[in-house]
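Reading through the structure tokens given below for one structure.
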Amino acid sequence: MKHQDLIFSNDVASHLDALVEKYNPSKLFILVDKNTRELVLPILVNESKTASNASVITIEAGDTNKNIESLMLIWSQLVEGGATRKSMLINLGGGVVTDIGGFAGATFKRGIRFVNIPTTLLSAVDAAVGGKTGINFHGFKNEIGAFCEAEAVIISTRFLSTLSNEELLSGYAEMLKHGLISNVDTYNRLIAQDVTNIDAEQMLLLLQESVLVKKHIVEEDPTEKGIRRALNLGHTAGHAFESLALHRKSPIPHGYAVAWGLVVELVLSHMQLKFPSNELSRLATYIYENYGAFHITCDDYPSLIEFMRHDKKNDSANEINFTMLKNVGDIHIDCIATEEDIKTALDIYRDFMHI
């Protein structure tokens with residue numbers, strides 16, 4: 001996998017201009033959704049000498065629009081805009097924009113250069129880095145996609161002031177996950193923060209530390225054959241919660257799903273590997289106080305387990321694969337849980353979440 005430039009700076013425009021000058025694309029395109037077109041694009045166009053000359057492609061906002069129809073719209077507008085293999089696509093937005101924009105860039109004319117400028121905390125710490133691109137399909141999260149690194153990712157906290165507390169918390173769940181799989185000091189720093197009341201420079205430092213945890217794992221295992229599966233902590237259960245929410249036609253933020261998934265999977269970690277009960281309780285309390293609860297009943301268990309069976313990490317349809325922890329930083333990948341274990345973990349999740 002090619003080298004990816006990670007740029008941590010709140011001077012986004014000058015770094016974008018330098019990248020465009022370096023690669024000298026035949027034509028520049030900027031992909032946004034309707035939210036970033038209104039809230040972020042004007043700032044970038046005002047400050048960047050290259051952004052003002054770009055062709056803008058706009059998709060609808062929200063995870064329900066990370067689909068084949070939006071992808072076809074992007075491809076069509078690249079064709080109509082005269083894009084060639086030497087063109088460049090700037091993905092300016094949250095995880096939906098960087099996921100679908102990365103997949104469009106990876107597949108258009110078998111691949112054009114693209115740069116990610118994440119505008120949400122979630123996309124900065126998760127979606128924009130690591131080369132996973134894709135769309136949702138047939139009701140399943142990220143069912144179609146490809147591994148393809150952005151040429152560069154410009155990570156800043158410059159645009160976080162445009163975000164709601166919900167969006168900040170959604171990104172912070174992925175940072176908590178990175179803390180859990182790295183070390184006690186990093187995790188303790190994160191769980192002590194009030195993410196809704198933190199200044200931009202301090203957040204940039206926390207964000208840089210968190211992204212580098214992911215970067216080092218991705219470099220060791222770019223296509224998720226081994227240790228990269230550590231990054232899936234919270235995601236097997238979390239993606240099932242997301243899929244159930246989509247089925248209910250009431251989508252939930254990805255980071256919230258991961259937060260609730262972390263509780264389920266640390267319960268499984270306690271059951272199988274004796275993850276410390278005091279740390280489990282501390283995390284569950286933090287999640288409940290900051291994220292509330294995703295409401296499920298016993299009647300939802302079969303659907304949730306079926307969604308987990310479709311998870312891409314499973315080696316067979318008969319086994320459900322989890323990343324678990326023996327302790328903070330002590331990672332065990334490819335752990336198998338039975339249906340009965342999962343049901344028990346969901347019962348305990350409901351107790352922690354006061355359901």
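The table that follows gives values for the structure above.
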read-out: Count of region 338-355 residues which are under 23 Å from A293 (Cβ atoms) and not in a helix (DSSP H, G or I); value: 3
read-out: Residue tally, condition at pLDDT 95 or above, under 27 Å from L212 (Cβ atoms) and not in a helix (DSSP H, G or I), over region 8-29; value: 0
read-out: All positions within region 119-131 that are outside any loop (DSSP other than H, G, I, E, B) and either among the polar types (S, T, N, Q) or modelled with pLDDT of 95 or more (or both); value: S123
read-out: Residues within region 271-321 that are of a type in the set (A, V, I, L, M) and more than 14 Å from E339 (Cα to Cα), tallied; value: 7
read-out: Residues located in region 232-255, provided they are surrounded by fewer than 24 Cβ atoms within 10 Å (Cβ to Cβ), under 13 Å from the mean Cα position of the chain (by Cα) and not polar (S, T, N, Q); value: P253
read-out: Enumeration of residues in region 24-67 that are surrounded by 21 or more Cβ atoms within 10 Å (Cβ to Cβ), in contact with a Gly (Cβ under 7 Å, 6 or more places away or on another chain) and not polar (S, T, N, Q); value: F29, L31, V32, D33
read-out: Some residue of region 314-337 being surrounded by 13 or more Cβ atoms within 10 Å (Cβ to Cβ) and in a helix (DSSP H, G or I); value: no
read-out: Extreme residue, nearest to the chain's Cα centre (by Cα), among residues of region 77-102 that are buried (at least 24 other Cβ atoms within 10 Å of the Cβ) and assigned to a helix (DSSP H, G or I); value: G95
read-out: Candidates E289, E279, filtered to the one that is at pLDDT 95 or above and either crowded, with 17+ Cβ neighbours inside 10 Å or outside any helix (DSSP H, G or I) (or both); value: E279
read-out: Criterion (under 28 Å from E166 (Cα atoms) and either at pLDDT below 95 or among the charged types (D, E, K, R) (or both)) met by exactly one of E80, E60; value: E60
read-out: Identity of the residue in region 132-165, out of contact with any Cys (no Cβ under 6 Å at 6 or more places or on another chain), of a type in the set (S, T, N, Q) and in a strand (DSSP E or B), that ends up modelled with the highest pLDDT; value: N136
read-out: V264 vs. criteria surrounded by 23 or more Cβ atoms within 10 Å (Cβ to Cβ), modelled with pLDDT of 95 or more, in the same structural domain as E306 (by TED's automatic domain parsing) and farther than 20 Å from G62 by Cβ; value: yes
read-out: Residue check, F108 at pLDDT below 95 and at negative phi; value: no
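The values are calculated or read from the model by the stated rules, or taken from the named source; none is laboratory data. These numbers were taken from a predicted model, which means no experiment stands behind them. Note: ideal-geometry Cβ built from the backbone for every residue, glycine included; neighbour counts use all protein chains shown.
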